[in-house]
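Written below as structure tokens is the structure these notes are about.
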Amino acid sequence: MDVIGKSVIRKDALDKVTGRAMYTDDYQTVHMLSGKIVISPYGHARIVSIDTQEAWKVPGVRAIIAGKHFPLVGESIRDRPPIAVDKVRYHGEPVALVVADTPAQAKQAADLIQVQYELLPVVNSPTQAFEKNAPLVHERLGEYEKEEDSHPVPGTNIATHIKIRKGNMELGWRESETIVEASFSFAPSDHAAMETRCAIAEIEPDGTVQIMTSSQAPFMVKQLLSDYFNIELGKIIVRTPLVGGAYGGKASVQLEVLAYLASKEVGGRPVKILNTREEDILTSPCHIGLDATVKLGADRQGKLKAAEIIFLWDGGAYSDKAIDVTRAGAVDCTGPYRVDNVWCDSYCMYTNHPYAAPFRGFSHSELSFAIERTMDLLAQKLNMDPLELRYINAIMPGDTTPTRVLLNKSNVGNLQKCIEKVRELIKWDEGAISRVNDRLIRVKGVSCSWKTSTIDANAPSGAILTFNRDGSINLMAGVIEIGTGTKTVLAQILAERLKMDVNKIHVRMEVDTQTTPQHWKTVASRGTFMSGRAVLNAAEDVIVQLKEIASCVLRAPKEDLEIANSRVFLRDDPSIGLDFKDISFGYKYPNGNSVGGQIIGRGHYVLRHISNLDPETGEGRPGPEWTVAAYGVEVEFDLRDYTYQLLTAATVVDCGRVMNQKMAEGQVMGAMSMGLAFASRETFYFDKLGRVLNPQLRTYRPLRYGENPRYLVGFVETPQIDGPYGARGLGEHGVMGMPGALGNALSIAAGVSLHHLPLIPELIWRAKEAANGAPL
Amino acid sequence: MLPFDFDYFKPDTLEEAVELFQYLDHNGKQPMFFSGGTELITLGRIDLAYTEAVIDIKEIADCRVMSLNGGQLLLGSTLTLTEIEETNLFPLLTKTASEIADHTARVKITLGGNICARIFYREAVLPFLLADSQVVIVGPEGKKAVPIHEIFHEQLLLNRGELLVQTITESRFIRAPFFAIKRRQQWETGYPLITVAALKIDEKVRVAVSGLCPFPFRSKEVEIALNSGQSIEARVEAALRVLPRPILDDVEGSADYRLFVFRNILTDALYKLEKERI
């Protein structure tokens, strides 16, 4: 083992630190036009009229699209007009699209489009959406095309309903001596990736559609454009260069559709649509909100006996990926604990909010806040150490998940080990609370999480290897480099398997759907696992081919050959062998005769044994494995002002195998930073009209460098037997426990139970005021 | 991206700048004096600012003055906030200015730009309100020095075509004990929830505030209450009863919460300044 686990420098590092790296908006051609979206200023309104007369007078305007009926789009339910007709359902929704020669002209014209609205009653939260007689976001919900496993309820705002029914609830409550119940909520927020979303579309005279997009899912773009507009799959080519942060927000397909419609309107000329920051926050899909109620029961020893959970997800105006988020939330609804009796209703609700994309953790950072806060309430009521309560309930091989998957030593990590390690990292045994002075106390909070990746049952991944004349290898795989360094890890996997220098492996960063083998989507912490397996498969293919030709030239059986250091050689006498460069394009004998030919390796992987969920009980295998993690956060809290500083944040994740130490730590730290920002500051503020009041980075503020705590990262390595070198997913897990751990620390510090995000001092003050003023 | 084109002028003298403004204004160009440019860029791109001509004053010598002599501190209006911080001639101003925006922006934002800003926090004005400074204004009528209290009410009341050239501050205020704090919704980035600058001179405490109301202010009534000789707690409560209105109630914080925060800050300010001896 030479390369796996080493902190190999990312293959994209030099280009990124020197500013050479190219992102979608950096690609510009002379005849490229600019698209500009006109957005709805209201959450819910009827479009009375759209006047484009003045806009057409702006020089350079080529097209204005408004009020036109296009096929409805949307992944699980086709409920979304690409450009609103008749009414708008969220603040930021596209109502018109202008195409002009330059971005400035497009914006000028867009500003001159006059839209008259008539306000409609607004659905401003999923709880309100769930009420009887709530205004309907979609009046014709029953008429939409949909996927089989979406379950919209016409006449309501329910986009889907996932049920988990496991065990016997009556028995569970009977065995429970202690029961706690609590409700939690938080509004939608944003991903705030550094690169705002951008798409370019061009339709060539022969009908070939060329798309370039900052996407996590170029193959999905291809598939969906084909589905929506009835275009032959082979005539759609989607290219994705480097992506400047995605976090799930770029797994949704939106601007690509608009760019395609725009290009079509101008005779196929290339049209670029680049989100401003405001559009990226408002118009493009956001981070989902949630209203949750959790009821947990435990016996005298603290063993969990029953869990009843209601999730009302704020899917926003259109269901799109929120349906899958709702399902993923149900699948892991209990958190990483053994609970034999589980009842969960997970509803995807339509509201008049920006619609939801996946967000790093895919429902798990959200549900974990509700579960982990309730676990602390339970510990309090049981008068138990909260970490101990989690330890004795930790999910283990032999237990079943809410969807009744039987866990074994490969498909679940070791949560107890994670808890032990985090206990050391945060010095839990020195005490959860310490006093600094009259006003300041230091308080620790803990949490746990788990996650499986609920992805399509037949999600594929592929890899192609080609050689250069010097014996170095080119690696092509469909994973998008969204900043996670996955492509570097793939090179490490290949180098490890071929026992060669990782610097002699060249990785193609850009993906295009015509020549790159398909990788489902770069989401769900599946890049390393699926693409890694495909690369290993391709490596086997190359090994066979190399040995075949070497066996012929060396006149030795294949079984006697070994591969290392870019050479094929005799196992018992390594001095007899051939370099890759002498055989990868065929072997040329001294007299000029040649045998063999160019070696091209191919490999693929498809997840196995994934099954659909039973619509009545939820039974089924939603994903391949469960990664588990434990967390701690320490804050210094001001008892008078309710302000606090983040001192330490710790995550211990069972990642199966650390593939690249520095990058793994970086992933976990970055994720913690994101989780803390979500927990402590990032949210949309809505007014009564459903308008987002803070759609700018002036007022929507992610964590800045310098505001971060000290990060501690630990790993446990329980190999996933079928993962590449035992690796499990890793990219999302740092996020997931942060809201719960921070909420727990602050609830202890403030002496009041906190149920909402973000955890700003005003929220704590409000909870204290309510508690102080509450009648006895 | 700014969705409009504009002409750019860079006059060498104040006279030229003033004349240019009049000329361009007369020709309907909606001219704008320009120094750091951050507001034009950030508000222009979202259609909240518009001009067809900018007059860049940031290198006019009178606006670049930074001197402390004869008991007076002169600060030019186009000094950047980082220049003011680095020179640190007026520690209270340094402290207040160093909390505005972030470092990258402060390299561009100028003293005059912040005082005359459309975004209403205008925190850089607070120290000058406390120090009874004078401001030097130039306009079609020529150059004049005016006490800041005569011309700053919520904002600097410039006539069309006038611009802020300098501030003049007596050095005894610069040496006075002070207290300055900026509290935000959360941590170190963002607009003020409340910014307070306070100083003690002639045994009296002075307080200027931004973020509590939709304008910065220094209030005579508040200061009378704070200097009334009762217990600190009683004086703070008295001050809270005479605050200007409205109290801000927005995404940064509710009105009630702002008052909670303000009460604690005032208490801290009094405790700190009571202990100081000149």
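Principal-axis analysis of the Cα atoms of chain B puts helix B:232-241 at an angle of about 50° to the longest axis. Taking 0.36 nm per residue of separation and subtracting the Cα-Cα distance, full extension of the segment from A:R300 to A:M194 would add 33.2 nm. Segment B:Q155..B:V107, full-extension length gain: 15.0 nm, with 0.36 nm per residue of separation and the alpha-carbon distance subtracted. Exposure proxy for A:V511, A:V443, A:V30: other Cβ atoms within 10 Å of each Cβ, ordered fewest to most, give A:V30, A:V443, A:V511.
Label separation (A:A457 vs A:Y705): 4.8 nm, computed from points 7 Å beyond Cα along the C-beta direction. Against chain B, whose longest principal axis is taken from its Cα atoms, helix B:14-26 shows a tilt of about 70°.
What's the lysine pair count for the range B:178-275 at a Cα cut-off below 16 Å, pairs eight or more apart or interchain?
Close lysine pairs found across the range B:178-275: 7.
Taking 41 Å as R0, compute the FRET efficiency from the Cβ-Cβ separation of A:Q116 and A:E769 and round it to 0.05. The formula returns an efficiency of 0.45 here. Given the pairs A:K421/A:K451; A:K57/A:K321; A:K427/B:K95; A:K499/A:K662; A:K11/A:K250; A:K16/A:K264, which are separated by over 27 angstrom at their Cα positions? Violating the 27 Å Cα-Cα cut-off are A:K57/A:K321; A:K427/B:K95; A:K16/A:K264. Summing Cβ point charges (Lys, Arg +1; Asp, Glu -1) relative to the Cα centre of chain A gives a dipole of roughly 860 debye.
Rg and Dmax, both from the Cα atoms of the protein assembly as shown and both in Å, are 31.8, 109. Report summary: the helix-based calculation at 222 nm, which adds -39500 (n - 2.57) for every DSSP H run with n ≥ 4 and divides by the residues of the protein assembly as shown, gives -8000 deg cm²/dmol.
Within the range B:135-278, the proportion of C-alpha pairs whose separation exceeds 21 Å stands at 50%. The distance between label points at A:V85 and B:E19 comes to 6.2 nm (points 7 Å beyond Cα on the Cα→Cβ vector).
In plain terms, the residue of B:F120, A:F219 with the fewest other Cβ atoms within 10 Å comes first and the most crowded comes last, giving B:F120, A:F219. Mean partner shielding of peptide A:698-708, defined as the number of other chain Cβ atoms within 10 Å of each residue Cβ, is 4.
Ranked for footprinting exposure by Cβ neighbours inside 10 Å, fewest first, A:F585, A:F686 give A:F585, A:F686. Judged by a Cβ-Cβ distance under 4.7 Å, the unpaired cysteines of the protein assembly as shown are A:C198, A:C286, A:C348, A:C418, A:C448, A:C552, A:C655, B:C63, B:C116, B:C213. Normalised by the number of residues in the range B:200-274, the average gap of Cα pairs under 8 Å and 6 or more apart makes the relative contact order 29 percent.
Here the gap between A:T515 and A:E147, fully extended at 0.36 nm per residue and compared with their Cα-Cα distance, gives a gain of 129.6 nm.
Among B:174-186, A:171-183, sorting by the average number of other beta carbon atoms lying within 10 angstrom of each residue, highest first, gives B:174-186, A:171-183.
Shielding by partners for peptide B:256-262, expressed as the average number of C-beta atoms from other protein chains within 10 Å of each residue's C-beta, is 4.
FYI, it's all coordinate maths here, none of it is from the lab. Predicted, not measured: the structure shown is a model, and the values here were computed from it. Here the Cβ is made from the backbone with ideal geometry for all residues, glycine too, and neighbour counts use every protein chain on show.
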